[in-house]
């Protein structure tokens, strides 16, 4: 029976029974950090779109002498604000499908439409990265390198990332020892 430890934004599981070595307990604080980070990143992107449009209008008045009256400015700014709102809402919808699942033989990550299934035996290298914004929310970006390329799992709570690293590097050694016993 494969043990799984799902990280689900919508309904976080509460593990009340005894925790086995291959399970990872995720606290609600970890999920709050993921939510806040994703929402802040989406808000920054939406704000950047609006500011870029305002900067474009300002540049056109300074360099080209174009005078923007209220009707002429209202339509483009309305389009830009709607585009920024749609961008934020799409990020919010993508956040609802955030899921990280660890099984005995694979790491499964879902975020938006993207779903990555990486068998543990194919993982050649596991490394983590962090940025200033990720560190503020105690999150990491995990890179799973395989023979076929790299899978980026981001954002992951830092505590969960270190537990995933332990599981990836410790369990295959135990599995190899089991295989040699089977062949004997």
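Looking only at residues in the stretch 101-159 that are in a loop (DSSP other than H, G, I, E, B) and under 16 Å from the mean Cα position of the chain (by Cα), which one is surrounded by the most Cβ atoms within 10 Å (Cβ to Cβ)? Applying the filter and picking the extreme gives 137. Mind listing whichever residues of the stretch 56-100 are in contact with a strand residue (DSSP E or B) (Cβ under 7 Å, 6 or more places away or on another chain) and in a loop (DSSP other than H, G, I, E, B)? Selection gives 97, 98.
Only the coordinates and a few stated rules stand behind these numbers; no lab work does. In this text, all values refer to a predicted model and were calculated from it rather than measured experimentally. Note: ideal-geometry Cβ built from the backbone for every residue, glycine included; neighbour counts use all protein chains shown.
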